[in-house]
Amino acid sequence: MESCWVSMNEGLGNCGFISVTGYLDLSTLSYQEGLKTQSNLNRRKTIMNSPKTTDVLIRLPSHNRETLKILSWNIHDASNGKEGRKIDDTEFAAIVTSCPIFCLQETKSKIFVPDYKCFNANRPNSRSGGLCIGVHRSIAKDIKEITSNCSDIQSVRIKLGSESAVDELVIINLYDSPEHSSYKKRLKSSKSTSDDDASTLDNLLDFTMNSIQNGRKVILAGDFNARTATLNNTIEEDTEASSAANPFSQRSHPCLNDRSSKDQMVNPRGKLLLDFLACANLTILNGSVLGDSLGEFTSVNYGGASVVEYVAVGADIKAIVKSFRVLDLNKFSDHKPSVTTLSLRHNITLSEEILRDLEDAPRKYKWPCEDNAELKFLLAMGDPSIKEKTETLATSSCKTPQDVLNLNNQIVELYHQVAEQVMPRKNASSRQKGPRNNKYGSTKKKSRMKPKIAWFDSECIRLKRTLNILAKKYGRSPLDKLLRDSYYDTRRQYRKMIRHKRSEFFEKLCKDIETGNNICWKSFKALKNTKSPATSLDAFDMINFCKFFSELYGKKNIKDYKIAELQSKM
């Protein structure tokens, strides 16, 4: 079991703070005990910055670096109408950042996620479509985007290193609009062709075969709007040898009943997709591996349910696939997200692990405007314990540069103790930040019943929770008419309430301004958050900032002979 050392300050109720240095080995615990202990430690993992505390050293299990998870999801627009950007919603962000790599389809605009390097590809002169591949920034330096001639195809190349079972991995993200969509109709009218579906898959075939011929392993994910029932392509043996000799010599007919699927329909685009998989020697993971034994629906709407999103891989990648799972339906999209888990070792590091090594910002004190402040300071300096420490520091000698640093830290800590008595900070412990709430991102811990948008009140939150519960139930039973009607009625009611609350809030605010009534400035200031532009800065930018200036000002300003001369005079 992998583990890491973290520094933690521990307080026990009203008993004050204690100093403990211990080692906890979770490998000796039973499975249930290990899960319980790990959960408790994760909840209590926080760094408290107080002079009354000392470090508690506990060994915690690190996140699993032996498996690599890839999320694929058609999010149906990056913004959510009146609610603003979806990524600002903590529930949406938790789904997207649950994996170190995500592939999003139908984004319709650019997306920026903290702690991730996002590659966006949008259709020119069109509001539809859009793709985004996000990769955790700790491995972003080993990633390169591969350009494509088609705006509906996006790809990145990832170097995982020699320790991994696969050195190079190519992830292809694709969104192919429905056949009768307005975008497809415009393309057909402009190109005067009726074979647009085939042209999209032809571009994908050329793009995929170039990667395979270069010896790279391919993972294909996306929304194809293709229905294939239980059909699949069976990968031929000796994949590398046959592909190198003649990559287009594979079988062009799929095997029947090679996988499970709740969708029993095959459409023309599904047949084209199966021909493409046979030519590229790829196989569909939906309904054929552990985690999706029944072949769950991936798209659920009022007209019915279907399987139109797929993840396809070659023989080498399928051998290391641990699971493929379709997640529950949610209110953000009519499509379900899916997660593919691979047995690949990676070097992804959480931002919290890096920030732990940085020094805390110095505590600041403001001299109080009181007449007896000077007297308090003199009394604090005259305390016997402070006097004893001052005399000890005055008689100490420094022989090495490290001794000088230690003496400086002790003097600073001494004045901090005095300042705490003269200028105590209010609610110092309440300002300490708790652990992050998601696995790979850096989103702060969310607070319940505290919306970001000023007009999104508790009534909206309750209806939102009801909608989320109905979405999960409806996603599991999409053929249930009562659940379907209840879900869509609640969704219409929720959207109607959002519009009403928003318009009511702005009408009241404008009326208060016009009539000169008292304005709730707290709500007024909260408006800027609803239209604030997305930022691409995150914890890794701060780390690079610190590293740059540490290297810039870390050079010695005093020559070695000058240091030796000063030491000889001490």
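Some points to look at:
- Subset of the range 272-303 that is of a type in the set (G, A, S) and open to solvent by 30 Å² or more (accessible area, probe 1.4 Å) - its residue that is nearest to L68 (Cα to Cα): G291
- The one condition in (1) without any contact (Cβ under 8 Å) to a residue 12 or more places away in the chain; (2) in contact with an Asp or Glu (Cβ under 7 Å, 6 or more places away or on another chain); (3) of a type in the set (D, E) that E370 fails to fulfil: (2)
- Exactly one residue out of V311, V289 is in contact (Cβ under 8 Å) with a residue 24 or more places away in the chain and assigned to a strand (DSSP E or B): that is V311.
- Search result, residues across the range 84-138 that are buried (at least 21 other Cβ atoms within 10 Å of the Cβ), in contact with a Ser or Thr (Cβ under 6 Å, 6 or more places away or on another chain) and in a strand (DSSP E or B): C103, C132
- Residues located in the range 490-505, provided they are of a type in the set (A, V, I, L, M) and under 9 Å from K82 (Cβ atoms): I498
- Among residues of the range 511-569, those that are at pLDDT below 70, open to solvent by less than 100 Å² (accessible area, probe 1.4 Å), out of contact with any Leu (no Cβ under 9 Å at 6 or more places or on another chain) and within 27 Å of K110 (Cβ to Cβ), counted: 7
- Within the range 152-165, the residues that satisfy the criterion of being at pLDDT below 85, open to solvent by less than 60 Å² (accessible area, probe 1.4 Å) and on the phi < 0 side of the Ramachandran plot are L160, S164.
- Any hit, the range 374-382, residues being surrounded by fewer than 15 Cβ atoms within 10 Å (Cβ to Cβ) and in contact (Cβ under 8 Å) with a residue 12 or more places away in the chain: no
- So F505, is it of a type in the set (F, W, Y), within 27 Å of the chain's Cα centre (by Cα), surrounded by 12 or more Cβ atoms within 10 Å (Cβ to Cβ) and modelled with pLDDT of 75 or more: no
- The numbered conditions (1) surrounded by 15 or more Cβ atoms within 10 Å (Cβ to Cβ); (2) farther than 23 Å from E91 by Cβ are all true for T340 except (2).
- Some residue of the range 57-72 being within 30 Å of S182 (Cα to Cα) and surrounded by fewer than 21 Cβ atoms within 10 Å (Cβ to Cβ): no
- Qualifying residues in the range 348-395 (those that are among the small types (G, A, S) and in a loop (DSSP other than H, G, I, E, B)) - the one farthest from L68 (Cα to Cα): G382
- Just so you know, in the range 191-230 the residues that are of a type in the set (D, E, K, R), at pLDDT 75 or above and not in a helix (DSSP H, G or I) include one that is surrounded by the fewest Cβ atoms within 10 Å (Cβ to Cβ), and it is R216.
The values are calculated or read from the model by the stated rules, or taken from the named source; none is laboratory data. Predicted model only: the values in this text are computed from it and were never measured. Neighbour counts are summed over all protein chains in view; Cβ atoms, including those assigned to glycine, are modelled from backbone coordinates with ideal geometry. The protein model used for the area step is the full one, side chains on, heavy atoms only, and it has no ligands, DNA or RNA in it. Shrake-Rupley method; radii C 1.70, N 1.55, O 1.52, S 1.80 Å.
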